[in-house]
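Here is the structure we will look at.
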Amino acid sequence: MSRTRSAQPDSRATLRGGLPDRYLTPDDIAEIFDVPLETVYQWRKKRTGPPGFRIGKHLRYDPADVRAYVTQRKDADQEAA
């Protein structure tokens, strides 16, 4: 039984409603921000996106850091306006 795209919750609603209580993967970040996975890796390379960390060879993101990143970006945009 597969779920269709329309049956899946909006990933941006996840960010507004609260992030999962687990470390996030690059795929999660790409889905939440509705960007290609390659963009997530470029953010990390350029140090412009939410901070990530490695567990062995796996890249993970702390939901608290992602929330702080979003808050920081929103504040910066409001100050620039």
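Per-residue extension of 0.36 nm, minus the Cα-Cα distance of ALA64 and GLU79, leaves a gain of 3.1 nm for this segment. The phi torsions of segment 61-70, fed into the Karplus equation with coefficients 6.51, -1.76 and 1.60 and a -60° offset, translate into couplings of 10, 7, x, 5, 5, 5, 4, 5, 4, 4 Hz, rounded to whole numbers, with Gly and Pro shown as x.
Near LEU59, no amide H atom lies under 5 Å from its own; only residues 5 or more places off or on other chains count, and H is placed 1.01 Å from N. Against the criterion of solvent-accessible heavy-atom surface with a 1.4 angstrom probe, TYR41, TYR61, TYR23 sort, most first, into TYR23, TYR41, TYR61.
Net charge around ARG54, counting only other residues with Cβ within less than 15 Å of its Cβ (Lys, Arg = +1; Asp, Glu = -1)? Once positives and negatives cancel, what remains is +3. Sequentially through segment 30-41, phi angles give Karplus couplings (6.51, -1.76, 1.60; θ = phi - 60°) of 4, 5, 4, 8, 6, 10, x, 4, 4, 4, 4, 5 Hz, Gly and Pro residues having no value and appearing as x.
Taking all protein chains as they are arranged and a probe of 1.4 Å, the heavy atoms of GLU31 leave approximately 100 Å² accessible to solvent.
For LEU19, the solvent-accessible surface computed with a 1.4 Å probe is close to 40 Å², ligands and nucleic acids excluded.
The values are calculated or read from the model by the stated rules, or taken from the named source; none is laboratory data. Please read these numbers as outputs of a predicted model, since none were measured by experiment. For neighbour counting, all protein chains shown are included, and Cβ atoms are generated from backbone atoms with ideal geometry for every residue, glycine included. Areas reflect the complete protein model, heavy atoms only, side chains present, ligands, DNA and RNA absent. Shrake-Rupley method; radii C 1.70, N 1.55, O 1.52, S 1.80 Å.
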